[in-house]
Every structure is written in structure tokens, then in C-alpha cells.
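Contents: one structure, followed by commentary.
The values are calculated or read from the model by the stated rules, or taken from the named source; none is laboratory data. Everything quoted here is computed from the prediction, not taken from an experiment. With ideal geometry, Cβ positions are generated from the backbone for all residues, glycine too; neighbour counts draw on all protein chains shown. These area figures cover heavy atoms from the full protein model, side chains too; ligands, DNA and RNA do not enter into them. Shrake-Rupley method; radii C 1.70, N 1.55, O 1.52, S 1.80 Å.
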Amino acid sequence: MKFSFIRMPLFFIILFSSITHAQDTSKAITKDFVLGKFDFKTDACFVKVAPELSNKTIYLQQEVYNSFLNMIAAAKQSGIQFTVVSGTRNFNYQKSIWDRKWKANGNLSPIENAKKILRYSSMPSTSRHHWGTDLDLNNLSNSYFESGKGLKEYTWLLEHAHEYGFYQVYTSKENGRTGYNEEKWHWSYMPLSSKYLTFYNAHITDADITGFEGSELASELHMISNYVNGISKATKAM
């Protein structure tokens, strides 16, 4: 079967290229991996998101990216477009975010500083973004998804994202969910992330959460039970 790439729309060239060049990209699960202590830019299991589909240089696991491409192709049929605004963030990447916010809140006590950051940002070694399975879409504000174009996008995700393995893990806290505030932009590829969370719970303790300012507060804040496991009941059961 012959393909004329000159006549194919750019999106389908990206989709075809990603799928046909995919290899066996299953990621070995280790403590270093779930803690984010690896270089995703040189890891064969990770690929760069096409510039047309992201707002900066972003990487995802190959399997996650392939499923994302299938999802946005379906969304396109409904006039919906998605842009990845954040993807894989390893320990050092997350640490740079944490350190910047920690210094910005220097007038607060250490525990209040950590709690303020943890409304939306993770401690290094506790972020789902370490795994290359979680992505942020279109906008980092809940209000964006509550009306107009954003509401249409969010409604589509609620109705269809699960068909491609993606679920909103940080839902409303009205039903007792702990940890981070609601994030309507954050979607996780559960076929992989559920496995990583299971491994995390079996092998990681508070003693592994170290190497940055405020890390000594991990136990007091119950980081693993309240935050790492502070996901929606639906996804926790997967």
C-alpha cells in the first residue's frame, strides 16, 4: 500500500510516523524510575511531542503518545483541539519548580510554605509527571474549563478520554479526595500509571523523598497517603 505524504494533512503524517516507528517501548519499573531519577530525553521509551501539538519541548512515553494521537484525531472530528502544555518532568525538573516556589514563599513557615505549594505542585519524587503518563492540556486554570471553548473541551474529555485510557485523577475534593486541588487540565494514561502507582506504594517510603528543601516534611504531610494516593476513587480502583 502506497502513501502520498505530500497530499496527507500534517496531522496524519505525525500520527502515521509515530505509530509505524514505535518499537517495544515497555518501561522497566524501578525505584529510580518512579522517583523520577532518570533522563527522559535519552530514554528510548520516551518520545518528543510534535511541535504542532505542544507549546514547548515536551516528552511522553511512546505508548501514551500514540494513544494521545488517537484521542486528538477523534476530538478533531468534533471541532476540538488539544495542546499539551506539560508532560514528563523528572526529579530535577520538578525540583526546579519546587525550589522556585519555595523561595518565593520565603516569608511563610516551612510547613505553611509546603502546603501552599502542594495545592497544585508536587514534591520531587512524588509527581505523576515523573512517569511520562500524565499530561496537562490547553490551560492550567480550572476557570478556563468552566465556560465557552474550555467547557466544550472539558466536556469532550469527560465523555471520551477514557476510551483512549486517559482519566482526570485530580477531581473535585467534595467527596473527600485528599491532596492536590482539582485540576481539570491534568489527565493520566491509566493503563501504565496504575501499574506505577502500585509499584510506588509497594517500594517507596518517606525516606526516599529527599534531596530538596522541605523534604523533611514529607512524613508530617503524609505525602504518600494524602498526595501520591490522593486521586479520584474511580482511578484508585484501577
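Here is a check on your reading of the model: is GLU213 open to solvent by 50 Å² or more (accessible area, probe 1.4 Å), modelled with pLDDT of 95 or more and either in contact with a His (Cβ under 7 Å, 6 or more places away or on another chain) or not aromatic (Phe, Trp, Tyr) (or both)?
Values: open to solvent by 50 Å² or more (accessible area, probe 1.4 Å): yes; modelled with pLDDT of 95 or more: yes; either in contact with a His (Cβ under 7 Å, 6 or more places away or on another chain) or not aromatic (Phe, Trp, Tyr) (or both): yes.
Considered against the rule, which asks whether it is open to solvent by 50 Å² or more (accessible area, probe 1.4 Å), modelled with pLDDT of 95 or more and either in contact with a His (Cβ under 7 Å, 6 or more places away or on another chain) or not aromatic (Phe, Trp, Tyr) (or both), GLU213 comes out as yes.
For the range 129-171, a tally of residues being closer than 14 Å to ARG119 by Cβ and of a type outside the set (Phe, Trp, Tyr) returns 3.
Inside the range 96-143, residues that are assigned to a loop (DSSP other than H, G, I, E, B), open to solvent by 40 Å² or more (accessible area, probe 1.4 Å) and over 29 Å from ALA161 (Cβ atoms) make up a count of 4.
Just one of the numbered conditions (1) closer than 25 Å to LYS103 by Cβ; (2) among the polar types (S, T, N, Q); (3) without any contact (Cβ under 8 Å) to a residue 40 or more places away in the chain; (4) not in a loop (DSSP other than H, G, I, E, B) is not true of ASN226: (3).
Residue-wise test of (1) closer than 19 Å to PRO124 by Cβ; (2) part of a helix (DSSP H, G or I); (3) open to solvent by less than 20 Å² (accessible area, probe 1.4 Å); (4) touching a Lys or Arg at 6+ places or on another chain (Cβ under 8 Å).
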{"residue": "LEU151", "(1), (2), (3), (4)": "no, yes, no, no"}
{"residue": "GLU163", "(1), (2), (3), (4)": "no, yes, no, no"}
{"residue": "ASN175", "(1), (2), (3), (4)": "no, no, no, yes"}
{"residue": "TYR180", "(1), (2), (3), (4)": "yes, no, yes, yes"}
{"residue": "GLU183", "(1), (2), (3), (4)": "yes, no, yes, no"}
{"residue": "LYS195", "(1), (2), (3), (4)": "no, yes, no, no"}
{"residue": "ASN201", "(1), (2), (3), (4)": "yes, yes, no, no"}
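Count of the range 55-65 residues, restricted to those that are assigned to a helix (DSSP H, G or I) and either under 15 Å from ASP136 (Cβ atoms) or touching a helix residue (DSSP H, G or I) at 6+ places or on another chain (Cβ under 6 Å) (or both), is 2.
Would you confirm whether any residue within the range 71-90 is surrounded by 20 or more Cβ atoms within 10 Å (Cβ to Cβ), outside any strand (DSSP E or B) and hydroxyl-bearing (Ser, Thr, Tyr)? Yes, the range 71-90 contains at least one residue that is surrounded by 20 or more Cβ atoms within 10 Å (Cβ to Cβ), outside any strand (DSSP E or B) and hydroxyl-bearing (Ser, Thr, Tyr). Of all residues in the range 50-68, which are among the charged types (D, E, K, R) and in contact (Cβ under 8 Å) with a residue 60 or more places away in the chain? Result: GLU63, single match.
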